[in-house]
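These notes are about the structure you will find just below.
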Amino acid sequence: MSATSHSATTVNGDPDLVNADLLPTTQADRHWDWKAIAALWVGMVVCVPAYMLAAGLISEGMSWGEAVFTVFLANLIVLVPMLLIGHAGTKHGIPFPVLLRASFGTAGAKLPALLRGLVACGWFGIQTWVGGAAIYTIVNVLTGDAIVGSPLPGLGIDLGQTICFLAFWALHVLFIRQGTESIRWLELLAAPLLIIMCLGLLLWAYIAADGFGPMLSTPSQFAEGGPKAGQFASVFWPSLTAMVGFWATLALNIPDFTRYAKSQRDQMLGQAVGLPLPMALLAFIGVAVTSATVLIYGEAIWDPVQLARRLGGFGVVIALLALVLATLTTNLAANVVAPANGFSNLAPGKISFRMGGYITAGIGIAIFPWKLLESTGAYIFTWLIGYSALLGPIAGIMLADYYLIRRTELDRDSLFRHDGAYRYKRGWNPAALVALVLGVLPNLPGFLKAAGFVESVPAMFETIYAYAWFVGLAVAAIVHLALMKLRRS
């Protein structure tokens with residue numbers, strides 16, 4: 001079974017650019033109302049990495065209020081390209097890789113689609129590891145740590161962790177096999193349960209600690225005049241960029257979902273309801289519950305998997321099953337659909353949505369995701385900002401092309417033909433490629449330093465890197481627009 005059925009959709013296209021999963025959706029396919037899209041977002045938002053986002057910000061010196069505000073503001077910002085790019089999916093019924101063909105060319109679109117897909121593969125691995133860790137904890141609670149063992153050579157994790165990771169991975173494969181409609185069904189079912197569970201966790205923390213503890217009453221290190229006093233801006237801007245980077249991936253491939261929306265109103269309202277406030281609420285819950293654990297357990301427990309284990313009894317099983325559900329809903333929607341469509345776009349005649357999903361799952365194992373989560377600093381300032389520097393330019397090119405050059409109008413048949421309006425130079429648009437390179441280039445020195453490849457770079461490049469997503473988006477959009485206007489003159 002393919003991702004969805006497009007039997008009534010016909011295009012005059014070339015075989016190596018068309019398959020059932022990439023065709024425009026029919027009117028019958030477009031049955032997602034705003035509630036379904038909001039539920040999709042709630043299902044994606046409620047996950048362990050999002051719960052722990054505020055931890056990294058507080059460790060950098062922010063108060064809880066500053067951290068929650070930073071998360072909220074970042075999601076308001078990323079909502080803008082999310083709505084704008086989502087417009088194309090709803091209007092034309094096309095997925096992200098096909099939309100890319102308008103700006104990058106019928107062949108050139110494979111490059112940004114692959115870049116987006118590889119980032120999603122990284123996230124897929126991380127989320128699968130988190131869910132596997134929850135299963136590992138459940139089994140050990142029920143069996144008295146019967147499967148705890150020594151780390152396996154070359155892996156760094158024990159046999160029990162490996163088996164639980166692979167078991168959770170296999171659960172994803174089952175949904176991949178059923179396609180995107182099964183994912184929509186899961187999100188609709190899970191969203192209200194996840195909201196209830198989050199609020200239940202908040203209520204438990206308040207009752208157990210007789211309040212929320214010291215974090216919610218302690219000002220930031222900056223306000224206290226601590227070692228980082230006077231440096232709020234130097235932490236705020238890279239943190240804001242990192243928080244934008246958290247959903248910079250979905251800002252690109254949101255057409256993969258909005259192509260099923262009933263109307264523009266549904267896609268816009270659903271996203272506006274489902275993203276900024278739930279993200280801020282989850283960040284607050286993470287801070288409030290962790291603050292309460294200081295009073296309950298004598299230490300701050302940020303990791304919800306470890307917190308669930310402390311609950312004891314049947315409560316730990318319920319909490320960890322909720323974590324497994326939250327992780328599954330996030331991973332399937334956010335980190336499977338985009339790379340599955342992206343890989344399918346590489347060779348539509350040979351790779352279906354399902355096969356693309358299987359490739360994603362394979363890469364998710366190969367990256368050893370537990371090694372990406374070894375430190376909070378590396379997680380936020382290398383991983384999140386690093387890929388936002390890569391994906392920001394792609395968003396800038398897509399927005400400039402779709403709104404300022406195409407005025408939201410696309411030639412549907414040409415998107416599936418090598419000799420159509422988007423053929424450019426043998427299927428590659430030089431303007432988009434130059435814009436992509438120039439959009440990434442200013443952030444490259446800062447990334448190399450953040451990743452530890454070089455010891456130092458001029459201060460100017462560190463400053464630019466703090467605004468990586470914004471800089472990349474703006475530079476790429478301006479360059480693409482200028483080069484396309486020169487091409488037409």
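The values are calculated or read from the model by the stated rules, or taken from the named source; none is laboratory data. Everything quoted here is computed from the prediction, not taken from an experiment. Don't worry about glycine lacking a Cβ; one is built from the backbone with ideal geometry, like all the others, and counts go over all protein chains shown.
Scanning region 407-434 for residues that are surrounded by fewer than 18 Cβ atoms within 10 Å (Cβ to Cβ) and part of a helix (DSSP H, G or I), we see that the one that is nearest to the chain's Cα centre (by Cα) is V434. On inspection, S217 fails the criterion of being under 30 Å from K110 (Cβ atoms) and free of Cβ contacts under 8 Å to residues at least 24 places away in the same chain.
The residues on offer are A233, A292, A300, A242, and the sole one that is among the small types (G, A, S) and under 22 Å from the mean Cα position of the chain (by Cα) is A242. Put simply, of L321, L328, L311, L307 the only residue that is surrounded by 20 or more Cβ atoms within 10 Å (Cβ to Cβ) and modelled with pLDDT under 90 is L307. Within region 435-489, the residues that satisfy the criterion of being β-branched (V, I, T) and in a loop (DSSP other than H, G, I, E, B) are V454, V457. For region 43-64, the criterion of being closer than 24 Å to H418 by Cα and in contact (Cβ under 8 Å) with a residue 60 or more places away in the chain is satisfied by no residue at all. Which one is farthest from G132 (Cα to Cα) among residues in region 342-359 that are touching a Phe, Trp or Tyr at 6+ places or on another chain (Cβ under 6 Å) and either surrounded by 23 or more Cβ atoms within 10 Å (Cβ to Cβ) or among the charged types (D, E, K, R) (or both)? Among those residues, the one meeting the criterion is S344. The number of residues in region 309-361 that are closer than 12 Å to P97 by Cβ and not aromatic (F, W, Y) comes to 13. State yes or no: is A459 more than 30 Å from C121 (Cβ to Cβ), among the small types (G, A, S) and at pLDDT below 95? Yes. Determine, yes or no, whether S239 is among the hydroxyl-bearing types (S, T, Y), surrounded by 24 or more Cβ atoms within 10 Å (Cβ to Cβ) and under 16 Å from A54 (Cα atoms). The answer is yes for S239. Within region 367-401, restricting attention to residues that are outside any helix (DSSP H, G or I) and either modelled with pLDDT of 90 or more or touching a Gly at 6+ places or on another chain (Cβ under 9 Å) (or both), the residue that is surrounded by the fewest Cβ atoms within 10 Å (Cβ to Cβ) is F368. Among the residues examined, W185 qualifies as without any contact (Cβ under 8 Å) to a residue 24 or more places away in the chain, in a helix (DSSP H, G or I) and either within 23 Å of the chain's Cα centre (by Cα) or surrounded by 15 or more Cβ atoms within 10 Å (Cβ to Cβ) (or both).
None of A435, A477 is modelled with pLDDT of 95 or more and touching a His at 6+ places or on another chain (Cβ under 6 Å) except A435. Would a scan of region 130-145 turn up a residue that is buried (at least 21 other Cβ atoms within 10 Å of the Cβ) and in contact with a Pro (Cβ under 8 Å, 6 or more places away or on another chain)? Yes, there is a match, as at least one residue in region 130-145 is buried (at least 21 other Cβ atoms within 10 Å of the Cβ) and in contact with a Pro (Cβ under 8 Å, 6 or more places away or on another chain). Against the list (1) in a helix (DSSP H, G or I); (2) touching a residue at least 24 places away in the same chain (Cβ under 8 Å), the condition L155 fails is (1). Return yes when T180 is in contact (Cβ under 8 Å) with a residue 12 or more places away in the chain, closer than 25 Å to R407 by Cβ and of a type in the set (V, I, T) and no when it is not. Answer is no for this residue. Find the residue count for region 67-84, including only residues that are farther than 30 Å from A223 by Cα and over 15 Å from the mean Cα position of the chain (by Cα). The total comes to 3.
Can you tell me which residue in region 22-41 is nearest to the chain's Cα centre (by Cα), limited to those that are surrounded by fewer than 24 Cβ atoms within 10 Å (Cβ to Cβ) and part of a helix (DSSP H, G or I)? Ranking the qualifying residues of region 22-41, first place goes to A38. Restricting W129, W123 to residues that are under 30 Å from Y403 (Cα atoms) and not in a loop (DSSP other than H, G, I, E, B) narrows the list to W123. For region 341-366, filtered to residues that are among the polar types (S, T, N, Q) and part of a helix (DSSP H, G or I), the residue that is nearest to L166 (Cα to Cα) is T360. Can V68 be described as at pLDDT below 95, surrounded by fewer than 20 Cβ atoms within 10 Å (Cβ to Cβ) and either touching a helix residue (DSSP H, G or I) at 6+ places or on another chain (Cβ under 6 Å) or part of a helix (DSSP H, G or I) (or both)? No, not satisfied. Could you tell me whether S103 is surrounded by 24 or more Cβ atoms within 10 Å (Cβ to Cβ), polar (S, T, N, Q) and either at pLDDT 90 or above or at negative phi (or both)? It is true that S103 is surrounded by 24 or more Cβ atoms within 10 Å (Cβ to Cβ), polar (S, T, N, Q) and either at pLDDT 90 or above or at negative phi (or both).
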